[in-house]
C-alpha cells in the first residue's frame, strides 16, 4: 500500500471536433458502423502543440497550489526523441529547474506512472508529483484500418500526487500488471526508433501509422485482465457491485462496456469513448478527472483503475480516493 | 534512503570496433583531434538487434538467480514507438508475463531508473527488478558535427535490484536531480515524434540525426551538477577524496576527467570513454559493471553516480554498495 493522495486533476480537450459522420467516408464505413463497432460518436483533433495541451491540463491539476517538485510525462506520443517530452511540458508551464522524465507503457503509461511515481512520493523521494498524459493519435491514424482509425482521438489530462496527510486514508491499495510479448505485434507503431529509419530506401510509409489487431488484442487482454482484477478486489474484501467507481482506459465502447457485463455498476463506470474516443494514455486520467467531478464522488471511495496496452500489457489498481 | 541492493550487473559490447583513425576522415578531423577533444580512442558498432544486446547484458546481470518480477527499459534509443522497448527485451530473454515498461531521461535514464525503480522495490511493489540500458547511437550520428559524431558508441548494460537483506547496509542513500528546459535545444534529436514527421514534404533529414552544442551543454551542466553533488556528499559526511568510487555518465573524456579536477581520486573514477565512447544511457551502468568487477570493490563502499542529459538535466546519487 502506498500512502498517496491525488490532490488535483486536470483535463484539456481540443476545441475542434470530428464526428463519426465526418470520418465515415474517409475510412469507407458508415457513421452507424463507427458508433456500433467502436462506440465513438466524435473525437477531438489537436489544434495546439502537444506540450501546450499537457500544460493546460497540468495547470488545472496544480490549481492554486505550489509548483510540483517533479514532472513526469506519462504519454505515448513524443514531441521528439531527445529531449523527452517532460522537458517541453515543463517549459510550457514556465518552470525551470524541476526534475523531469518520461514513463512509457503505451496506453498504460498513466497507470504505471501512478504506481511508479506513487512509490517515489510514498518513500519520500518527492513531495508533490505532477503526472501529465498528452496525446495526439490523429496524424498516426491508418485510414485503411477502419477500426483503429475510428477509435483514436486527441486529448490531455494531468494529476498531482502528494503523500496522504496523517489521519486521512487516501492510498494506492494495490497494483497488478503483466506483459505478454507474444502479443507484441497486436498493436504497433513500427517507426520512431531504430527499426524503421525514414531515410533508408527500404522504409515502409505504413511503419509510421498505428496498426492494431483489435479483435485479437481484446480477446487476449480481456481474459488476462480478469485474472488480475477479480482476485485483487476479492482480496480487498470488495465485489464488483460494491466498488464505488470504475475508471478504465477508454480502449473502445465495447471494451469499457465489458466492465458492466462483469458485474460492475454502469452508473459508477466512467465511459468517455462516445465523446472523445481512445486518447491513448490520456484516456485513463481524463476519466479520473471526470470521476473526481461527479457530485457523488467522495474521499474514501474505492476506485478500480484498469486497462490494456500494446505489448500486450494488462494492469489494474485499487485506489482509495 | 532506499534500502535496495544491486545484486547483479551485466554488460554487452558489440565485437565490431571503429577506431579514431577509421572515423577521422569521415568527419573531416584527425585521429589526434578526436582523441584530444573527445577522449574516444575507439567505439563499438552494433552488430545485433538492440533487444538482443540488452538481453545479453541482462542475462549476465541475472546470473543464476530467478527471473525478475519487473523489466524496465532505461534507454534513449527505441526499437519502435509502440510497443516500448521493454517488451522486446522481455521477448529476447524468453520470458512472458513479466510487467515491463520504459523510463526515458536520455543519458540519465539508468540513474533516474535506479531511483524510481528503487522506490518501487523499497516500498514493496516489486522484489527483483531488472534495469536494462541498450543503445545504438551510431546510425543517428551527424558526420557533419564532428564532436558528437566522434563521441557516440554502441553498448548495453543491465543491473538487478533487490531489497537489502536484514543486517546488510546496501542502500541508495541520496538522489538529486534538476532539469533546465532553457537548455532543451543544446542536445536534440528532433525526429521520432510529432514534430518531425518523415512523410511530410517539409521534413528536414537532419531532424533524424543527433545534434549537440557540446561546449554550451558542458558549461551549463558542470556548474549545475556541482551545486547538487558537493552538498550531497558533504551532508553524508564525505569529501571528494573519501568517496570510494565515482561512476559517472561517460559524456566525454574531458567530462569524466572533470571529477579529478574537482578532487575525486583518479584511481577510483571509472572512465571507459577511451574504449567505448559515450553509449548514451548505457554508459553509466557499463561503468557500474566495471566498478563491480574491480578487485578493490567491496560491499559497503560509497559510490557517487552522476551525470548530465539532454533537457538539460543533471543528476547525482550516493549509493552504498
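The values are calculated or read from the model by the stated rules, or taken from the named source; none is laboratory data. Just so it is clear, the structure is predicted and the values come from calculations on it, not from any experiment. Note that we place each Cβ from the backbone using ideal geometry, even for glycine, and neighbour counts take in every protein chain shown.
Some observations on this one:
- Pairing each residue of the stretch A:195-212 that is more than 7 Å from chain B (Cβ to nearest Cβ) with any residue that is at pLDDT below 80, provided the two are 6+ apart or on different chains, yields C-beta distances under 6 Å for A:203/A:196; A:207/A:196.
- Top-ranked residue in the stretch B:182-194 [being under 25 Å from residue A:106 (Cβ atoms) and outside any loop (DSSP other than H, G, I, E, B); ranked as nearest to the other protein chains (Cβ to nearest Cβ)]: B:189
- Matching residues in the stretch A:106-132 - criterion: being on the phi < 0 side of the Ramachandran plot and without any contact (Cβ under 8 Å) to a residue 60 or more places away in the chain: A:113, A:116, A:117, A:120, A:123, A:125, A:126, A:127
- Residues located in the stretch B:254-272, provided they are in a helix (DSSP H, G or I), modelled with pLDDT of 95 or more and under 24 Å from residue B:103 (Cβ atoms): B:256
A quick yes/no check of all residues on (1) farther than 26 Å from residue A:49 by Cβ; (2) within 20 Å of the chain's Cα centre (by Cα); (3) buried (at least 17 other Cβ atoms within 10 Å of the Cβ); (4) assigned by TED's automatic domain parsing to the domain that holds residue A:286:
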site: A:139; (1), (2), (3), (4): no, yes, yes, no
site: A:142; (1), (2), (3), (4): no, no, yes, no
site: A:150; (1), (2), (3), (4): no, yes, yes, no
site: A:153; (1), (2), (3), (4): no, yes, yes, no
site: A:204; (1), (2), (3), (4): yes, no, no, yes
site: A:207; (1), (2), (3), (4): no, no, yes, yes
site: A:220; (1), (2), (3), (4): yes, yes, yes, yes
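- The single condition from (1) more than 26 Å from residue A:150 (Cα to Cα); (2) touching a helix residue (DSSP H, G or I) at 6+ places or on another chain (Cβ under 6 Å); (3) buried (at least 18 other Cβ atoms within 10 Å of the Cβ) that residue A:277 fails is (1).
- When residue B:55 is tested against (1) over 29 Å from residue A:280 (Cα atoms); (2) away from chain A (no Cβ under 11 Å); (3) crowded, with 23+ Cβ neighbours inside 10 Å; (4) within 17 Å of the chain's Cα centre (by Cα), just one condition goes unmet, and that condition is (1).
- Looking only at the stretch B:97-124, and only at residues there that are more than 7 Å from chain A (Cβ to nearest Cβ) and assigned to a loop (DSSP other than H, G, I, E, B), the one that is nearest to residue B:50 (Cα to Cα): B:108
- Hits in the stretch A:134-181 - residues which are in contact with a helix residue (DSSP H, G or I) (Cβ under 7 Å, 6 or more places away or on another chain), at pLDDT below 95 and assigned to a loop (DSSP other than H, G, I, E, B): A:137, A:142, A:143
- Of all residues in the stretch A:133-144, those that are within 13 Å of another protein chain (Cβ to nearest Cβ) have Cβ atoms under 6 Å from Cβ atoms of residues that are at pLDDT 90 or above and part of a strand (DSSP E or B), 6 or more apart or on another chain, in A:134/A:156; A:136/A:154; A:137/A:152; A:138/A:154; A:141/A:152.
- Search result, residues across the stretch B:69-96 that are more than 22 Å from residue A:280 (Cα to Cα), touching a strand residue (DSSP E or B) at 6+ places or on another chain (Cβ under 9 Å) and at the interface with another protein chain (Cβ under 7 Å from one of its Cβ atoms): B:90, B:96
- Residue that is farthest from residue A:77 (Cα to Cα), among those in the stretch A:223-237 that are touching a residue at least 60 places away in the same chain (Cβ under 8 Å) and surrounded by 14 or more Cβ atoms within 10 Å (Cβ to Cβ): A:236
- As a summary of the residue check, residue B:72 satisfies the conditions (1) at pLDDT 95 or above; (2) surrounded by fewer than 24 Cβ atoms within 10 Å (Cβ to Cβ) except for the one numbered (2).
- Scanning the stretch A:25-54 for residues being free of Cβ contacts under 8 Å to residues at least 40 places away in the same chain and either touching a strand residue (DSSP E or B) at 6+ places or on another chain (Cβ under 8 Å) or part of a strand (DSSP E or B) (or both) gives a total of 1.
- Odd one out for residue A:272 among (1) buried (at least 19 other Cβ atoms within 10 Å of the Cβ); (2) in contact with a strand residue (DSSP E or B) (Cβ under 8 Å, 6 or more places away or on another chain): (2)
- Given (1) under 23 Å from residue B:274 (Cα atoms); (2) more than 14 Å from every other protein chain (Cβ to nearest Cβ); (3) surrounded by 21 or more Cβ atoms within 10 Å (Cβ to Cβ), index of the condition residue B:61 fails: (1)
- Against the criterion of being within 9 Å of chain A (Cβ to nearest Cβ) and more than 30 Å from residue B:292 (Cβ to Cβ), residue B:149 does not qualify.
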